[in-house]
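Presented below is the structure to which this report refers.
The values are calculated or read from the model by the stated rules, or taken from the named source; none is laboratory data. All values reported here derive from a predicted model rather than from experimental measurement. In this analysis, Cβ positions are derived from the backbone assuming ideal geometry, glycine residues included, and neighbour counts consider all displayed protein chains.
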Amino acid sequence: MPKQPISLTIEETNLLWLKGRARVTAGGSVSAAVDQLVAEARSGRLGRAESPRSVVGTIDLAQDPLLTDADSAIRAVFAGSLARSIVAREARAPRSSKTQLRKKTVRG
C-alpha cells in the first residue's frame, strides 16, 4: 500500500519520545516509527508488556561504592604527580618582521 504524506502536531515531550523510539526501532525515521505505532495499535499489540529482560552484568560497581577510601587514593595520585620532575621553558620572543626580511646577500 503506498504511503501518504500527512502533517502531525504533537506535544514536544511526545516528539522527543518518538524521536528516541525512531532511533532504536525504525532506523532513525520518525515517519517509520509513527507507521509502526499505528500498525501495532491496529493489530492490538500496542501496550502489551514485553517479556522481562535481565540486567544482570550490565552494571559494574566499584570496590568502594561509598568512596570511603577516595581521600587517600586522590592524595596518592596527587603525591605521585608532585614527585615527577617538571620541565619548564620560557617561550622565545617572536622575531620581528625587520629581522626576517633582512637577509645576507651573497656578492660574487
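Would you mind stating whether K103 is at pLDDT below 80 and either among the basic types (K, R) or assigned to a loop (DSSP other than H, G, I, E, B) (or both)?
Values: at pLDDT below 80: yes; either among the basic types (K, R) or assigned to a loop (DSSP other than H, G, I, E, B) (or both): yes.
For K103, the condition - at pLDDT below 80 and either among the basic types (K, R) or assigned to a loop (DSSP other than H, G, I, E, B) (or both) - is met.
Within the set L66, L16, L46, the sole residue that is at negative phi and either surrounded by 12 or more Cβ atoms within 10 Å (Cβ to Cβ) or in contact with a helix residue (DSSP H, G or I) (Cβ under 7 Å, 6 or more places away or on another chain) (or both) turns out to be L46.
Of all the residues in region 35-94, those that are over 30 Å from L8 (Cα atoms) and assigned to a loop (DSSP other than H, G, I, E, B) number 30.
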